[in-house]
Amino acid sequence: MINNEKASLSIRRIAIIAIMLMFVLGVSVMATNVQLNNVKIILSNNYEINVLTTKTKVKDVLDESHIVVLPEEIVVPNLDADILRK
């Protein structure tokens, strides 16, 4: 009986370690698929902000950076445009 209990305990350990390893590998694969973009934002007063982001739309980058665009302000490129990648 004692050998069976030890065997089942070691199988549990192996299963838990395998699940943890699969989780870590899955997170690693997801992290390598994310592309970071360095975006330069120039405000109307010529103040420049460099932002490192995973977002691809101008509106999303501005929202993430907590930059509010007033209705009378102009954004170039427009809010729905994709950011340019170098």
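The values are calculated or read from the model by the stated rules, or taken from the named source; none is laboratory data. These figures come from a predicted structure and were not determined experimentally. Neighbour counts are summed over all protein chains in view; Cβ atoms, including those assigned to glycine, are modelled from backbone coordinates with ideal geometry. Note: accessible area is taken over every heavy atom of the protein model, side chains too, but ligands, DNA and RNA are not part of it. Shrake-Rupley method; radii C 1.70, N 1.55, O 1.52, S 1.80 Å.
Close contacts from region 44-64, counting a first residue that is open to solvent by 90 Å² or more (accessible area, probe 1.4 Å) and a second that is of a type in the set (Lys, Arg), with Cβ to Cβ under 8 Å and a gap of 6+ residues or different chains, come to GLU48/LYS40; ASN50/LYS40. When SER10, SER44, SER28 are screened for being out of contact with any Ser or Thr (no Cβ under 7 Å at 6 or more places or on another chain) and part of a loop (DSSP other than H, G, I, E, B), only SER44 passes. When residues in region 17-41 are screened for being open to solvent by 100 Å² or more (accessible area, probe 1.4 Å), among the β-branched types (Val, Ile, Thr) and modelled with pLDDT of 80 or more, 2 of them pass.
Looking across region 25-51, the residues that are among the aliphatic types (A, V, I, L, M) and farther than 19 Å from PRO77 by Cβ come down to LEU25, VAL27, VAL29, MET30, ALA31, VAL34, LEU36.
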